[in-house]
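Step one of this worksheet: look at the structure below.
The values are calculated or read from the model by the stated rules, or taken from the named source; none is laboratory data. Keep in mind the model is a prediction, meaning the values are calculated, not measured. Glycine also receives a Cβ, built like all others from the backbone with ideal geometry; neighbour counts cover every protein chain displayed.
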Amino acid sequence: MPSQTIPVERSLRWLPKDELQSLFDAMTARGYTIVGPTIDQEAIVYDRITSVDDLPRGWTDVQAPGSYRLKRRDDEALFGYVVGPHSWKRFLFPPLATVATADRTAEGWTMGTPPDDAPKYAFLGVRACELAAIRVQDRTFMEGPYVDPIYAARRQQALIVAVNCTQAAATCFCTSMGTGPRATAGFDLALTELPAGFVLETGSERGAEIVADLETTDADAELLNQAEAARQQAVDQITRRLDTEGIRDLLLGNLNHPRWNDVASRCLSCTNCTMVCPTCFCSSVKDVTDLQGDHVERQRQWDSCFNFDFSYMNGGVVRDQIRSRYRQWLTHKLASWIDQFGTSGCVGCGRCITWCPVGIDLTEEVAAIRESS
Amino acid sequence: MMPTTVPAARINPWQPDPVVVRETIAEAPDVTTYRLAFRDDDRAASFSFRPGQFGMLYAPGIGEVPIGISGSCPAERTWSFTVRAMGNTTRALARLQAGDTLGLRAPFGSAWPLDVCEGADVVIVAGGLGLPPLRPAIHKIIEDRRLYGRVTLIYGSRTPDTLIYVREYDDWSRQQIEVLTTVDRADLSWKGNVGVVPLLLDYLQPLVPERTVVMTCGPEVMMRYTVRSAVARGIPIERIWASTERNMQCAIGLCGHCQFGPEFICKDGPVFRYDRIEPWLKVEGL
Amino acid sequence: MMEKQAIDDLLRQLGFTAGLPDPVLDELASVSAVVRFPAGATIFREETKNPFVYVVERGHVGLDMHVPTRGRVRILSVGPGEMLAWSALLGDSVMTVSAVALEDTQAVAICGSTLAKLCSTNHEAGYLLMRRMATSLAQRLTATRLQLLDLFAEPTVAASAGLREE
C-alpha cells in the first residue's frame, strides 16, 4: 500500500551522474513502468523509457509563440530543457479509455465496468509546473462529488520523480502562477542536475525507500549551493509575466470586451492549446459496438471546447463563433476555474503559447483586456 | 506521491444500470413517457430522487441523453422520464416497448426548493418540455398540500395537441392547483388562452408578490421573459428558481460540456436560484 | 347601466387603468360604460370601424385575423385587466383583428374619440393615458416577438444537419 505520509525531514543526498541508471533499475525492480522525456519527431515527449540512454542527453528546447525547436547543447545535461507537447495527463487521464460496457443477453442489456489494468507508472522528470498541474487535475477527477476511477487507479500508484528546472523557456511563466520553478511538494523524489550528478531530495517514504537502494553520498554545502544557483538560473531566465491580480473579476466582468473579437480573428479553433494544456480535462463518450451490435464499449476520449459542436444542444450550437469558444477557454482556465476548484487552472507552463499555430499568447490577451477595461 | 484523498468505495459513476420499460405513454406527437424499473433489486430498493433532478438514459450502441425525472411510483418502484424524439438517441428510445431494456444513470443535479415553498404561494411556470422536471414538484406539493399557499401552474406549449399530461389537469385542479394553459397558436376549436406564457403571469390575480415563489423551466428565452414579468410584478428575484439546460454528457462534472459561466449545469444545477445565473443568461453565446 | 361611481371603482381595479390619478379616472368614467358579451358573441370585426377601447373586467376574448386559405387564425387571447381595440384611440378606429368572447365577458368600453379629445385638451391626463397605452402595446409587442421566435418549435432538419446529434 503506497505511503501517504510525508517525512518531517526532507533528506538531501548526492547521486553521481553515472549512478542514475541505478534509479531506473530500482524503479523497474519495484514493478514500475517508467515514463520520461525522450526525443520523438523532433520534440521532447513523454514516453516509456527503460534506461538513461533514452533521455535527451545534450539537447535543449527553444520555444517562442508558435515555435518549438530542439537545439544541441554544449554540455551533456540529461534534463537541460523544459516542457514539450506532452504532459503527464496523457497517462493519468488517457486520451482514449473504455469507461463502461453493455452486452445484449436473452434477458436484455447488462452493463458493466471493464477490468482496468492500470499501469503502475513512475514519472521521471516532472517539472514543478507539472506537479501543480497534476494537483489541479487531482481536484477535478478525485475531489469532487464523483471520482473518476481510471484517473484514481493510475494516480494512486504513480511514483513521481521531479526534476528542478535549471533554465526557463521564453514561454514559461510559472513564477506568475506561483507554481515554480522549484518543486516544493507533491513528489516522491526531486532531482536537481549539476554537471557531475544530482542533488536528490526525498519527498515521501516511498521516495526514501528507493533512495536507500541507491549509492548516494552526503550532499555537502558546496553541492547544495551549486544546486541552488542552478535553480536560480531558471528563475532569472523567466521573462514572461501574467498579472493575476483580480483576474477572475477582470475576465468575467469583460465578457463583451472587443479584445475577444480581436483574438477570434487570429484563432483557428484548432484545439492545440487544449491538447497540450496539462490541466484541460474535457472529454466525450461514444458508443463503439461489435459487428452484431451485441457488445458495446463506452469509450471516453479527449474533447475540446474549441470543437465546433462541443456546445451542441437541441439542434443548434451555443458557441457557434470562435469568439465564444476562445472566450470560454480563457475565462474557464483563468477565472471560472477559481470558482469551481479554488485555484487557477493555469500553471504557467507556456505550452499553449508555444503550440498555438498562430502564436496567441494568453498573457498578452489578458494584459490587453486589463489595459483597456 | 499520494494525493490527499482516496475514494474508499469502488463505484464507477460512468456505468449505467440496466432498467426495463414497464410502460410507455404517448403524451403528444413525438413525446413519450417511459416508466422504468431497475433490474437489480438492491438498486430498485435504494433509489430515490428529489424533484428537479435528472437522469442519463442510455440506448446501448447509440448513446446517452439527459432527461428530467418526470414522475415516480414508489409502490411499484418505477420512475418516469418524458422524452421528445428529436435526435439519434431519443429516436432510438422512441422505438422502445414495454419489456425492453436500456440503461440509466441517476439521479443527478440540484432540486426544486420545495422547502422555500412551504408557507408560500407558488407559481410554477413551464413551457413545452419544461413541464416534465416540474411535475414531481407538483406531485410533492399535492402530497402535502396544506404546507403551501396558493399554487398556480402556468403551462404553455406550441399548439393544443402538444400540451402534455392533459389527463392530470382535472386532478390537479381538484387538489387546489390552479392550472392555466396557453398555446402559441391554435385553430378556433381551441377555446383556451392563446399567447405566450409570460402574459399569463403579467395578469395573474390575485398575487401577493412578497409571499410568492416562482419555479420555472422551459426554453431559455421564455424563462428570461417570465422572470422579467415576475420581477415587474414585484416578486423578489431571490424567490425565483429556474432550471437551465446545456449539453450535458457525463452528468458528473467531468466532461466539461455543460459549463455555463463558472457553473456546471449537471452538478451545480440544473435548478438554480435565478440571481445566481442571471449575469450569465445575459451574455450572448456563453 | 352602471353608475359612474361604480365604473370609477372598476377602473381603479383594472390593470390597464389602475393607479391613474382620481381626476383622470373621473373623466374616463364619465365617457365609459360597462358592457357584457355572452360566450360566442363578436365584439368587433376585423376591417370594420369600432369606436370603443375596451378594458376586460372578467371573461376571456379571442383576437383573430383572417387569412385566405387559412381561415380565421387566433393570434392572441386577452383576459381580465387587459386592453383591446387600441386603434379606436390611436388609429382610425378600423380594427386589425376580430374579437370574440370565448366565455361570458364583461368589459369597460371607453369612447375612443372622446378619449382622444381628452388627451389633447388635458395634456397631463393625455400623457398618463398615452404612457399606459404605450406600455401595454410594448408588452404586447414583446409577447408577439416571443410568439414569432416560435420557441417551442422542433429544431429543423437544416439546423441539425451536419452536427453530431446527442
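Scanning the range B:92-105 for residues that are buried (at least 16 other Cβ atoms within 10 Å of the Cβ) and either without any contact (Cβ under 8 Å) to a residue 40 or more places away in the chain or away from every other protein chain (no Cβ under 13 Å) (or both) yields a single hit, B:ALA92. Just one of B:GLU178, B:GLU168 is more than 11 Å from chain C (Cβ to nearest Cβ), at pLDDT 95 or above and surrounded by 15 or more Cβ atoms within 10 Å (Cβ to Cβ); which is it? After ruling out the rest, the residue left standing is B:GLU168. Within the range A:28-44, the set of residues being of a type in the set (A, V, I, L, M, F, W, C) and either under 30 Å from A:ARG266 (Cα atoms) or part of a strand (DSSP E or B) (or both) comprises A:ILE34, A:VAL35, A:ILE39, A:ALA43, A:ILE44. Counting only strands (runs of 3 or more DSSP E) that sit wholly inside the range B:10-117, those with at least 2 residues that are of a type in the set (A, V, I, L, M, F, W, C) and more than 24 Å from A:TYR312 (Cβ to Cβ) are B:17-28, B:31-38. None of C:ALA116, C:ALA143, C:ALA125, C:ALA138 is within 14 Å of chain B (Cβ to nearest Cβ), part of a helix (DSSP H, G or I), more than 11 Å from the chain's Cα centre (by Cα) and in contact (Cβ under 8 Å) with a residue 12 or more places away in the chain except C:ALA143.
Do we have any residue at all in the range A:105-121 that's touching a residue at least 12 places away in the same chain (Cβ under 8 Å), at negative phi and more than 13 Å from chain B (Cβ to nearest Cβ)? Full working, then the answer.
Applying the first criterion (touching a residue at least 12 places away in the same chain (Cβ under 8 Å)) to the range A:105-121 yields A:112-114, A:116, A:118-121.
Then keep just the ones that are at negative phi; that gives A:112-114, A:116, A:118-121.
From what's left, more than 13 Å from chain B (Cβ to nearest Cβ): A:119-120.
Within the range A:105-121 (the criterion being touching a residue at least 12 places away in the same chain (Cβ under 8 Å), at negative phi and more than 13 Å from chain B (Cβ to nearest Cβ)), the answer is yes, since at least one residue qualifies.
For (1) within 15 Å of the chain's Cα centre (by Cα); (2) more than 13 Å from chain A (Cβ to nearest Cβ); (3) more than 26 Å from B:ARG105 (Cβ to Cβ), each residue gets a yes or a no:
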{"residue": "B:GLU210", "(1), (2), (3)": "no, yes, yes"}
{"residue": "B:VAL213", "(1), (2), (3)": "no, yes, yes"}
{"residue": "B:VAL221", "(1), (2), (3)": "no, no, yes"}
{"residue": "B:GLY234", "(1), (2), (3)": "no, yes, yes"}
{"residue": "B:ARG239", "(1), (2), (3)": "no, yes, yes"}
{"residue": "B:SER243", "(1), (2), (3)": "yes, yes, no"}
{"residue": "B:ASN247", "(1), (2), (3)": "no, no, no"}
{"residue": "B:GLY256", "(1), (2), (3)": "no, no, no"}
{"residue": "B:GLY261", "(1), (2), (3)": "no, no, no"}
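Within the range A:289-301, none of the residues are more than 7 Å from every other protein chain (Cβ to nearest Cβ), at pLDDT 95 or above and within 28 Å of A:SER67 (Cβ to Cβ).
Among the residues of the range A:89-111, are any over 28 Å from A:TRP355 (Cβ atoms) and acidic (Asp, Glu)? Checked against the condition, which is being over 28 Å from A:TRP355 (Cβ atoms) and acidic (Asp, Glu), the range A:89-111 yields at least one hit.
Has the range A:127-138 got at least one residue that is of a type outside the set (Lys, Arg), more than 14 Å from chain B (Cβ to nearest Cβ) and crowded, with 24+ Cβ neighbours inside 10 Å?
Just the residues of the range A:127-138 that are of a type outside the set (Lys, Arg), to begin with: A:128-134, A:136-138.
Remaining after also requiring more than 14 Å from chain B (Cβ to nearest Cβ): A:129.
So of that shortlist, the ones also crowded, with 24+ Cβ neighbours inside 10 Å come out as A:129.
Taking every residue of the range A:127-138 in turn, at least one turns out to be of a type outside the set (Lys, Arg), more than 14 Å from chain B (Cβ to nearest Cβ) and crowded, with 24+ Cβ neighbours inside 10 Å.
Return yes or no: is B:PRO3 assigned to a loop (DSSP other than H, G, I, E, B) and either in contact with a Leu (Cβ under 9 Å, 6 or more places away or on another chain) or at pLDDT below 95 (or both)?
Considered against the rule, which asks whether it is assigned to a loop (DSSP other than H, G, I, E, B) and either in contact with a Leu (Cβ under 9 Å, 6 or more places away or on another chain) or at pLDDT below 95 (or both), B:PRO3 comes out as yes.
If I filter the range A:180-199 down to residues being touching a Gly at 6+ places or on another chain (Cβ under 9 Å) and in a strand (DSSP E or B), which single residue comes out as farthest from A:GLU228 (Cα to Cα)? Ranking the qualifying residues of the range A:180-199, first place goes to A:LEU189. For the range B:128-156, the set of residues classified as closer than 12 Å to B:TYR169 by Cα and of a type in the set (Lys, Arg) consists of B:ARG135 only.
Assess whether A:PHE308 counts as being out of contact with any Cys (no Cβ under 6 Å at 6 or more places or on another chain), at negative phi and facing chain B (nearest Cβ under 10 Å).
Numbers: out of contact with any Cys (no Cβ under 6 Å at 6 or more places or on another chain): yes; at negative phi: yes; facing chain B (nearest Cβ under 10 Å): no.
Answer is no for this residue.
The residues of the range A:192-232 that are within 11 Å of A:SER11 (Cβ to Cβ) and among the charged types (D, E, K, R), listed by number, are A:GLU201, A:ASP218.
Among the candidates A:ASP25, A:ASP47, A:ASP53, the residue that is of a type in the set (Asp, Glu), at pLDDT 95 or above, assigned by TED's automatic domain parsing to the domain that holds A:THR184 and in a strand (DSSP E or B) is uniquely A:ASP47. Counting only strands (runs of 3 or more DSSP E) that sit wholly inside the range A:108-179, those with at least 1 residues that are within 15 Å of the chain's Cα centre (by Cα) are A:121-126, A:159-163.
A:SER284 falls short on exactly one of the conditions (1) within 14 Å of chain C (Cβ to nearest Cβ); (2) over 22 Å from A:LEU255 (Cβ atoms); (3) part of a helix (DSSP H, G or I), and that condition is (3).
Filter the range A:182-208 down to residues that are hydroxyl-bearing (Ser, Thr, Tyr) and touching a residue at least 40 places away in the same chain (Cβ under 8 Å) and give me whichever is farthest from A:ALA221 (Cα to Cα). Give the derivation first.
Here is the first cut: in the range A:182-208, the ones hydroxyl-bearing (Ser, Thr, Tyr) are A:184, A:192, A:202, A:204.
Now narrow it down to the ones that are touching a residue at least 40 places away in the same chain (Cβ under 8 Å): A:184, A:202, A:204.
Values: A:THR184: 20, A:THR202: 17, A:SER204: 23 Å.
That would be A:SER204.
Of all the criteria given as (1) of a type in the set (D, E, K, R); (2) more than 21 Å from B:CYS266 (Cα to Cα); (3) modelled with pLDDT under 95, the one not satisfied by A:ASP309 is (2).
For the range C:27-85, give me the residue count where each residue is polar (S, T, N, Q), surrounded by 15 or more Cβ atoms within 10 Å (Cβ to Cβ) and closer than 26 Å to B:ARG158 by Cβ. Before you say what the answer is, go through the steps one by one.
Residues of the range C:27-85 that are polar (S, T, N, Q), as a first pass: C:30, C:32, C:42, C:48, C:50, C:69, C:77.
Narrowing further to those that are surrounded by 15 or more Cβ atoms within 10 Å (Cβ to Cβ): C:32, C:50, C:77.
Checking the rest, the ones that are also closer than 26 Å to B:ARG158 by Cβ come to C:77.
Looking only at that region, the number is 1.
The set of residues in the range B:263-286 that are within 21 Å of A:LEU251 (Cβ to Cβ), among the basic types (Lys, Arg) and more than 10 Å from every other protein chain (Cβ to nearest Cβ) contains only B:ARG276.
May I ask you to list the residues in the range A:56-84 that are outside any loop (DSSP other than H, G, I, E, B) and of a type in the set (Phe, Trp, Tyr)? Working first, answer last.
Narrowing the range A:56-84 to residues outside any loop (DSSP other than H, G, I, E, B): A:59-64, A:67-72.
Correct list: A:TRP59, A:TYR68.
Take C:VAL67 and tell me if it is more than 20 Å from C:ASP22 (Cβ to Cβ), free of Cβ contacts under 8 Å to residues at least 40 places away in the same chain and either within 9 Å of chain B (Cβ to nearest Cβ) or in contact with a helix residue (DSSP H, G or I) (Cβ under 7 Å, 6 or more places away or on another chain) (or both). Spelling it out, it is not the case that C:VAL67 is more than 20 Å from C:ASP22 (Cβ to Cβ), free of Cβ contacts under 8 Å to residues at least 40 places away in the same chain and either within 9 Å of chain B (Cβ to nearest Cβ) or in contact with a helix residue (DSSP H, G or I) (Cβ under 7 Å, 6 or more places away or on another chain) (or both).
Being closer than 30 Å to A:GLN299 by Cβ, within 11 Å of chain A (Cβ to nearest Cβ) and among the aromatic types (Phe, Trp, Tyr): is that true of B:PHE47 here? First the steps, then the outcome.
On the way: closer than 30 Å to A:GLN299 by Cβ: yes; within 11 Å of chain A (Cβ to nearest Cβ): no; among the aromatic types (Phe, Trp, Tyr): yes.
Against the criterion (closer than 30 Å to A:GLN299 by Cβ, within 11 Å of chain A (Cβ to nearest Cβ) and among the aromatic types (Phe, Trp, Tyr)), B:PHE47 does not qualify.
Looking across B:GLY99, B:GLY130, B:GLY87, one residue alone is outside the structural domain of B:ARG233 (by TED's automatic domain parsing), under 18 Å from B:GLY55 (Cα atoms) and among the small types (Gly, Ala, Ser). It is B:GLY87. In the range A:36-55, the residues that are in contact (Cβ under 8 Å) with a residue 40 or more places away in the chain and over 19 Å from A:LEU191 (Cβ atoms) form Cβ pairs under 7 Å with partners that are polar (S, T, N, Q) and assigned to a strand (DSSP E or B), at six or more places apart or across chains, as follows: A:VAL45/A:THR38.
Among the residues of the range C:21-41, is there at least one that is within 14 Å of chain B (Cβ to nearest Cβ), assigned to a strand (DSSP E or B) and touching a residue at least 40 places away in the same chain (Cβ under 8 Å)? Looking for residues that are within 14 Å of chain B (Cβ to nearest Cβ), assigned to a strand (DSSP E or B) and touching a residue at least 40 places away in the same chain (Cβ under 8 Å), one finds none in the range C:21-41, hence no.
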